Amino acid sequence: MEKRLKQEHLKLLTLESQGLTQDTPFGIGKAAALNALEHLGYIQIDTLSMVERAHHHTLWTRIPDFQANDLEELVEQRQVFEYWFHAASYLPMKDFRYVLPQMLMIKRGESRYYNADPKVMEYVTDTIRNEGPKRARDFENESHKTGSWWNWKPAKLALERLFMQGDLMISGRSGMQKTYDLAERVLPSSTNTTEPTPFEFAEYLVRTNLRAYGFTTLKQITHLRKGNDVKTNVNKVLQMMLEEGTISKVAIEGGPSAFVQNEILERTFDQASSSVWLLSPFDNSIIHRERIKQIFDFDFRLECYTPKEKRQYGYFCLPILFGDQFIGRVDCKAHRKEKKLELIHLHIENTTIDLNLWLKPFVETIKRFVIFNGCESLVLTQVSPSKLGSSVKKELSRLKFKK
């Protein structure tokens, strides 16, 4: 008979597993960034820059003293690498072998994406081998030389194909400008480059999900993983772990059964903290929309890809987590030239919680977020419901920033 977990238990379990119940769950500094990445499994990279980019934002949420160059240094030190996980992501180097199945699939031509000219791929590879690491813009400059028989677009496509099939790796970044080098010059000699069996890959997915989320479902484990073989092997792993007694199957109200590690199943959790977290729209904790809706009764969708007239909340809203409850979201933009952070529209959706409980920690988090974005001033444009506007604006107006 399946065990049943209370909703409050599930909330605290997943938030603790995500590192969202303590101030420094992974430590401090650069070491904490690596700890967080190895625990979560990946951090999504995003090109949108309304506020500080998602990969920095996600780590800053869990590491109060996080600096952007911490992540860059981990890449340069070959402890972290970039690849396409379910999206462009940073992953811990210790997990490199688990991206090999996708790399080899692309190299064998089993993907209809990344079709590049073999001659251009050969030219790009030879150029990097002979001249050292290159950026896409280096080939753009080359295309203007007299007599060049290629142009930037085929070279860019060749770089992407060579990266996706594992011949090239990203050795560093300057902002969103990637630098490519031969994989053999980037991978540490100690890296395990043995392709995992389908069963080993399924084990990796299951254990990563259980560690990062506390509990998980078949659908969440196989999210965006194509093919029936993945689901078949994930089911085999789950069945094996059930038989070993390392996990249990639990019933969740209003949703499919979930799996949870036995060692944490009977744990008691402290009450949620009174801190406020301002999450990136690409934060690992909210990446599964159905899960967040089911467990937290919070329906979140990033609306930047939605036509303006159809947006309900705003272009780039950040979820607001207070303790173990999502109380709303705020549409933000960092005006970098003016060094001003604008809270375009603050939406407070859970109005049953006393304003006096969440307002001060919210303001403290906003102050840190302003500084994190390199800004020196703050403006709040709109609040919903409007009756909260004067109280929120009054509290925010007390903030002082160094010029």
### Query
Near residue 340, which aspartates and glutamates are there with a Cα under 16 Å away, not counting those fewer than 8 places off in the same chain?
52, 331, 376
#### Entry: Contact order normalised by residue count of segment 72-221, Cα under 8 Å, 6+ apart, percent
27 percent
### Message
Tell me which of 77, 206, 254 sits at the most positive position along the dipole axis of the chain, charges placed on C-beta atoms (Lys, Arg +1; Asp, Glu -1).
### Response
254
### Summary
Treating only Lys and Arg (+1) and Asp and Glu (-1) as charged, each at its beta carbon, one finds that the chain has a dipole about its Cα centre, in Debye to the nearest 20, of 1160 debye
### Message
Can you give the FRET efficiency to the nearest 0.05 for residue 384 and residue 49, using r as the Cβ-Cβ distance and R₀ = 22 Å?
### Response
0.30
### Interchain or long-range residues, amide H under 5 Å from residue 166's placed H
none
### Message
Let me spell out the model: positive unit charges on the Cβ of Lys and Arg, negative unit charges on the Cβ of Asp and Glu, origin at the Cα centre of segment 260-403. What dipole size does that give, in debye rounded to 20?
### Response
980 debye
### Task
Using a/c under 1.5 as the rounded threshold, could you call segment 287-403 rounded, prolate or oblate? The axes a ≥ b ≥ c are square roots of the C-alpha gyration tensor eigenvalues, and prolate needs a/b larger than b/c, oblate otherwise.
oblate
### Alpha carbon centroid spacing (whole Å) that separates segment 197-213 from segment 76-109
15 Å
## Note on the structure
Phi angles of segment 52-59, converted by Karplus (6.51 cos²θ - 1.76 cosθ + 1.60, θ = phi - 60°) into ³J(HN,Hα) in whole Hz with x for Gly and Pro, give 3, 4, 4, 5, 6, 4, 4, 6
### Task
Could you calculate the contour length gain from residue 184 to residue 305, that is, 0.36 nm times the residue separation minus the distance between their Cα atoms, to one decimal place in nm?
39.8 nm
### Task
With a probe of 1.4 Å, find how much accessible area segment 249-359 has per residue, and write the answer as a whole number in Å².
48 Å²
### Task
With a/c under 1.5 counting as rounded, go ahead and sort segment 1-117 into rounded, prolate or oblate using the C-alpha gyration tensor (a ≥ b ≥ c being the square roots of the eigenvalues; past the cut-off, prolate if a/b is larger than b/c, else oblate).
oblate
### Query
Where is the GNM fluctuation largest for the chain (alpha-carbon springs, 10 angstrom cutoff): 50, 169, 240?
240
### Whole-number Å³ per residue for the convex hull built on Cα positions in segment 53-98
82 Å³
### Query
trypsin sites (Lys or Arg not before Pro) within segment 1-61: which are DSSP loop residues with at most 16 other Cβ atoms inside 10 Å?
6
### Message
Below 8 Å, C-alpha to C-alpha, sequence gap of six or more: please give me the relative contact order for segment 1-159 in percent.
### Response
17 percent
### Summary
Using alpha carbon centers only, segment 303-331 is separated from segment 157-173 by a whole-angstrom value of 34 Å
### Length released on extending from residue 218 to residue 293, taking residue separation times 0.36 nm less the Cα-Cα span
25.3 nm
#### Entry: Over the chain: Kirkwood hydrodynamic radius from C-alpha pairwise inverse distances, Å
23.2 Å
### Task
Could you check the simple spin-label distance between residue 135 and residue 399, using points 7 Å along Cα→Cβ, in nm with one decimal?
3.2 nm
### Query
Could you state the number of Å between the C-alpha centres of segment 14-51 and segment 362-389?
22 Å
### the chain: relative contact order in percent, alpha carbon pairs under 8 Å with at least 6 residues between
16 percent
### Task
Beyond 30 Å between alpha-carbons counts as too far, so tell me which of 107/293; 339/360; 134/402; 30/394; 226/308 fall in that bin.
107/293; 134/402; 30/394; 226/308
#### Entry: Accessible surface of segment 259-403 [probe 1.4 Å, protein heavy atoms]: carbon and sulfur percent
46 percent
### Message
Skipping prolines and chain starts, which residues have an amide H placed within reach, meaning under 5 Å, of the one on residue 66, given they are 5 or more residues away or on another chain?
### Response
none
### Message
Please give the charge dipole size of segment 41-97, origin at the Cα centre, charges +1 on K and R Cβ atoms and -1 on D and E Cβ atoms. Round to the nearest 20 debye.
### Response
260 debye
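The values are calculated or read from the model by the stated rules, or taken from the named source; none is laboratory data. Given the structure is predicted, the values throughout are model-derived calculations rather than measurements. Methodologically, a virtual Cβ is constructed for each residue, glycine included, from the backbone with ideal geometry; neighbour enumeration extends over all protein chains shown. Only protein heavy atoms, including side chains, enter the accessible area calculation; ligands, DNA and RNA are left aside. Shrake-Rupley method; radii C 1.70, N 1.55, O 1.52, S 1.80 Å.
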